[in-house]
Amino acid sequence: MNAVERAGSVLGIDPGTRKCGYAVVPALDAAPAELGIVATEIIGETLRDVLARHAVAAIALGGGTNVAPVRAVLEALGLPIHIVDERETTLLARRRYFAAHPPRGWRRLVPRGMLLPPRPIDDFAAVLIAERLIAGGSGPVARPRV
C-alpha cells in the first residue's frame with residue numbers, strides 16, 4: 001500500500017472540452033466507489049458533492065484535452081492535483097467497459113476490438129487515470145487491469 005492509498009481514495013478526472021469523466025478509486029485493485037460523466041461547465045459543483053460523500057486524498061487529472069481550464073476549477077477544491085499521462089486510456093477504457101458490460105445477443109459474435117460502447121466511456125478512462133497515480137507514477141501502469 002503506498003502513501004496515496006493509506007490517505008484515502010483518488011479522484012480520477014478525464015478532462016474534455018464538453019464533458020469530463022470522473023471516478024473515485026479507493027485502491028489499485030478495488031472497484032470504483034463512484035463513476036460519472038458530467039458537462040465540463042458543471043464539473044466543480046458536481047465534484048464538491050462527490051467529495052462530500054467520499055474521503056479523497058488526491059486528484060489524478062489526465063494531461064490531455066482541456067487540462068488547464070479543468071485544473072483551474074479543481075484547484076478550488078483544495079486537494080493535491082497530480083497531472084497523469086493519459087496515453088492509451090481510451091483504448092484501455094473500452095476494454096474495461098466491455099469487461100464490466102459484456103456484449104449480449106448478436107454483439108457477442110463481433111470481435112470486441114470492433115465494437116464501440118453504446119455510451120461515452122470517459123468514466124472508465126478516469127478510473128485508469130486514478131489507478132496510474134495509485135500505482136505510483138504518472139505514466140501507463142505496467143500491468144493495466146482490463
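The values are calculated or read from the model by the stated rules, or taken from the named source; none is laboratory data. What you see is a predicted model; the values in this text were computed from it and never measured. In this analysis, Cβ positions are derived from the backbone assuming ideal geometry, glycine residues included, and neighbour counts consider all displayed protein chains.
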| request: Give the residues of the range 93-109 that are of a type in the set (F, W, Y) and touching a residue at least 12 places away in the same chain (Cβ under 8 Å), sorted by residue number. | output: Y97, F98
| said: Is it the case, given these coordinates, that I59 is part of a strand (DSSP E or B) and buried (at least 20 other Cβ atoms within 10 Å of the Cβ)? | reply: yes
| Which one of A23, A39 is surrounded by fewer than 18 Cβ atoms within 10 Å (Cβ to Cβ), at pLDDT 95 or above and either out of contact with any His (no Cβ under 8 Å at 6 or more places or on another chain) or under 15 Å from A135 (Cα atoms) (or both)? | A39
| How do the pairs read when you match residues in the range 25-47 that are more than 13 Å from D14 (Cα to Cα) with residues anywhere that are among the acidic types (D, E), using Cβ under 6 Å and keeping only pairs 6 or more apart or on different chains? | A27/E5; L28/E131
| note | W106 meets each of (1) among the hydrophobic types (A, V, I, L, M, F, W, C); (2) under 22 Å from G64 (Cβ atoms); (3) not in a loop (DSSP other than H, G, I, E, B) with one exception, condition (2)
| said: Quick test of your reading of the structure: L77 fulfils all but one of (1) more than 20 Å from A135 (Cβ to Cβ); (2) in contact with a Ser or Thr (Cβ under 6 Å, 6 or more places away or on another chain). Name the failing condition by number. | reply: (2)
| said: For the structure I just gave you, tell me whether A30 is among the hydrophobic types (A, V, I, L, M, F, W, C), modelled with pLDDT under 95, surrounded by fewer than 18 Cβ atoms within 10 Å (Cβ to Cβ) and farther than 19 Å from A93 by Cα. | reply: no
| remark: Looking across the range 102-114 at residues that are in contact with a helix residue (DSSP H, G or I) (Cβ under 8 Å, 6 or more places away or on another chain) and at pLDDT 90 or above, the single one that is farthest from I81 (Cα to Cα) is P103
| field | Within the range 109-126, considering residues that are not in a helix (DSSP H, G or I) and not aliphatic (A, V, I, L, M), the one surrounded by the fewest Cβ atoms within 10 Å (Cβ to Cβ) | value | P111
| query | Has the range 43-55 got any residue that is assigned to a strand (DSSP E or B) and either in contact with an Asp or Glu (Cβ under 9 Å, 6 or more places away or on another chain) or surrounded by fewer than 18 Cβ atoms within 10 Å (Cβ to Cβ) (or both)? | reply | no
| message | Condition first: among the hydrophobic types (A, V, I, L, M, F, W, C) and either loosely packed, with under 15 Cβ neighbours inside 10 Å or farther than 19 Å from R18 by Cα (or both). Now tell me which residues in the range 76-106 satisfy that. | response | A76, L77, L79, I81, I83, V84, L91, L92, F98, A99, A100, W106
| Would it be correct to say that V73 is part of a helix (DSSP H, G or I) and buried (at least 16 other Cβ atoms within 10 Å of the Cβ)? | yes
| request: Could you check T17 against (1) assigned to a helix (DSSP H, G or I); (2) more than 20 Å from I134 (Cα to Cα); (3) of a type outside the set (D, E) and say which number it fails? | output: (1)
